[in-house]
Amino acid sequence: MKAKETRLKGCFVLEPTVFKDERGYFYESHNQNTFNRLIGQEVNFVQDNQSFSTKGVVRALHYQIGEHAQAKLVSVLQGTVLDVAVDLRQDSPTFGDHIAVELSAENKKQLFIPRGFAHGFIVLSNIANFFYKCDNFYNKEAEGGIIYNDEDLKIDWKLNEEDIIVSEKDTVLPNFRNARI
């Protein structure tokens with residue numbers, strides 16, 4: 001497995017070594033020792049989540065605050081998504097900046113998002129099965145969010161606005177300036 005740190009310190013794109021032959025393929029999707037060595041820190045995942053969505057669905061931008069903050073390791077089991085991480089660390093030189101990485105079942109890339117980031121994705125394929133590991137348990141009272149189309153963040157979701165599907169809950173999230181961080 002290879003890991004490359006993005007321009008947002010602590011966010012890594014991971015690419016597994018895939019072994020292919022006439023039968024198909026095999027790869028190790030997660031090895032705790034290898035993962036910790038590649039990102040240079042100890043992260044212990046305690047919760048796995050999975051979602052299924054159709055084309056145009058945006059699930060964004062979500063995070064947990066305080067002692068309930070979560071680091072995530074995300075990947076796509078079926079389909080293609082544009083995955084987005086926004087730096088919410090107020091002492092970071094990249095505070096308010098974001099990265100967008102295409103993750104797919106085909107490229108098998110993973111994105112590690114440390115604590116202190118908002119996270120979201122949009123489905124670019126007809127369907128997507130999205131998988132993520134979290135290093136802390138979900139806590140409703142610590143839930144935070146930022147509206148996906150925030151004018152200050154200027155995230156290019158790669159689809160036309162009329163093709164985007166957002167939950168009612170996500171349409172009323174605050175903008176970046178008013179978010180509870």
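Things to note:
- Of all residues in region 81-97, those satisfying the criterion of being buried (at least 21 other Cβ atoms within 10 Å of the Cβ) and of a type outside the set (A, V, I, L, M, F, W, C) are Asp83, Asp87.
- When residues of region 79-106 are limited to those that are polar (S, T, N, Q) and farther than 22 Å from Ile164 by Cβ, the one nearest to the chain's Cα centre (by Cα): Thr94
- Residue in region 54-65 that is of a type in the set (A, V, I, L, M, F, W, C), closer than 21 Å to Lys108 by Cβ and touching a strand residue (DSSP E or B) at 6+ places or on another chain (Cβ under 7 Å) present: no
- Residues (of a type in the set (D, E, K, R), within 30 Å of Asn126 (Cα to Cα) and over 14 Å from the mean Cα position of the chain (by Cα)) located in region 30-78: Lys55
Values in this text are rule-based calculations from the coordinates and carry no lab data. None of these values were measured; they are calculated from a predicted model. Note: ideal-geometry Cβ built from the backbone for every residue, glycine included; neighbour counts use all protein chains shown.
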